[in-house]
Structures are given as structure tokens and as C-alpha cells.
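The values are calculated or read from the model by the stated rules, or taken from the named source; none is laboratory data. Keep in mind it's a predicted model, so treat the numbers as computed, not measured. Using ideal geometry, Cβ is built from the backbone for each residue, glycine included, and neighbour counts are taken over all protein chains shown. We work out accessible area using only protein heavy atoms, side chains counted, and drop any ligands, DNA or RNA first. Shrake-Rupley method; radii C 1.70, N 1.55, O 1.52, S 1.80 Å.
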Amino acid sequence: QVTLVESGGGLVQAGDSLRLSCTASVRNFYWYTMAWFRQAPGKEREFIAFISGSSGRTDYADFVKGRFTISRDITKRTVDLQMNNLQPDDTAVYYCAAARGGGEYGTGDYESWGQGTQVTVSS
């Protein structure tokens, strides 16, 4: 089991940027696929982006392409989500997730989750 701790959430205005960070307490971080999901009130948890373990391949949900960027620092065991041009629809709790080996778009792909960090975007 991996312990994940997110940080960086907050209240911003439409058009602003925010950077979320997730720190993983795990050995062999390199082999883990890391992802970000979000969940707005009354909605399902939805995929935002992942970065694959060994290859570093990334992919994004269509609604964030061109605005959000996922990155990782293997030595620090962190995965970040840079979010630009935030809009009120981006308001949600953002979760970091980890999958040993493979993992892609589904919540079921990931066995470890952080506690979440709130992002609120005002208009």
C-alpha cells in the first residue's frame, strides 16, 4: 500500500493557475503509474491525467487537454498537476492515485488514493 498526500488546493478566480502536488511514501516509485482524478459534489469521480511508471507516457481527459499538465519527480517521489486557465467547472476535490505497474483511465485501475485537496474556482 502506498501513502499519498496531496497539497496545493485552494480558492482561485477564473483564469488563474494552480499547481497541485502529491507526495508518495513508497519504494520503487519509478514503477508506479500515477494519476489525478477529481470529484465534484453530486458527480462521479472522473479521470484527469496519468503518467505511466516505466515509460513516463502521459494522457489526459479531453476537457483538460491544453490546460493541465502532469509531471513527476522520481527522486522526490512526487507527481504534480499544473492547472492553467481554471474555470468554475473545475471546482472539485482533486485526488492523487497510484497503481503498481499499469493503470490508465478507470478508478478501478488504482489501488492507492490520497485524501484529496479542494480546488474552488470563482467566476
If Ala92 satisfies all but one of (1) touching a Ser or Thr at 6+ places or on another chain (Cβ under 6 Å); (2) crowded, with 17+ Cβ neighbours inside 10 Å; (3) of a type in the set (A, V, I, L, M), what's the number of the condition it fails?
(1)
Could you list all residues from the range 78-101 that are assigned to a loop (DSSP other than H, G, I, E, B) and among the small types (Gly, Ala, Ser)?
Gly101
Any chance Arg67 is open to solvent by 50 Å² or more (accessible area, probe 1.4 Å), basic (Lys, Arg) and either on the phi > 0 side of the Ramachandran plot or under 15 Å from the mean Cα position of the chain (by Cα) (or both)
no
Taking the range 3-47 as the search range and keeping residues that are assigned to a loop (DSSP other than H, G, I, E, B) and in contact with a Ser or Thr (Cβ under 7 Å, 6 or more places away or on another chain), which one is farthest from Arg100 (Cα to Cα)?
Ala14
Is it true that some residue in the range 38-48 is β-branched (Val, Ile, Thr) and touching an Asp or Glu at 6+ places or on another chain (Cβ under 9 Å)?
no
Matching residues in the range 95-119 - criterion: being hydroxyl-bearing (Ser, Thr, Tyr), out of contact with any Lys or Arg (no Cβ under 6 Å at 6 or more places or on another chain) and open to solvent by 60 Å² or more (accessible area, probe 1.4 Å):
Tyr105
Unmet requirement for Glu104, which otherwise passes all of (1) at pLDDT below 95; (2) part of a strand (DSSP E or B)
(2)
Test for Thr75: is it assigned to a strand (DSSP E or B) and out of contact with any Cys (no Cβ under 8 Å at 6 or more places or on another chain):
no
Among residues of the range 19-40, those that are modelled with pLDDT of 95 or more, over 12 Å from the mean Cα position of the chain (by Cα) and surrounded by fewer than 20 Cβ atoms within 10 Å (Cβ to Cβ), counted:
2
Taking the range 41-71 as the region of interest, how many residues are in contact (Cβ under 8 Å) with a residue 40 or more places away in the chain and in contact with a helix residue (DSSP H, G or I) (Cβ under 8 Å, 6 or more places away or on another chain)?
4
Taking the range 50-64 only, how many residues are closer than 18 Å to Val119 by Cβ and either outside any strand (DSSP E or B) or open to solvent by less than 20 Å² (accessible area, probe 1.4 Å) (or both)?
3
On the given criteria, is Phe47 within 10 Å of the chain's Cα centre (by Cα), crowded, with 16+ Cβ neighbours inside 10 Å and either of a type outside the set (S, T, N, Q) or more than 16 Å from Met83 (Cβ to Cβ) (or both)?
yes
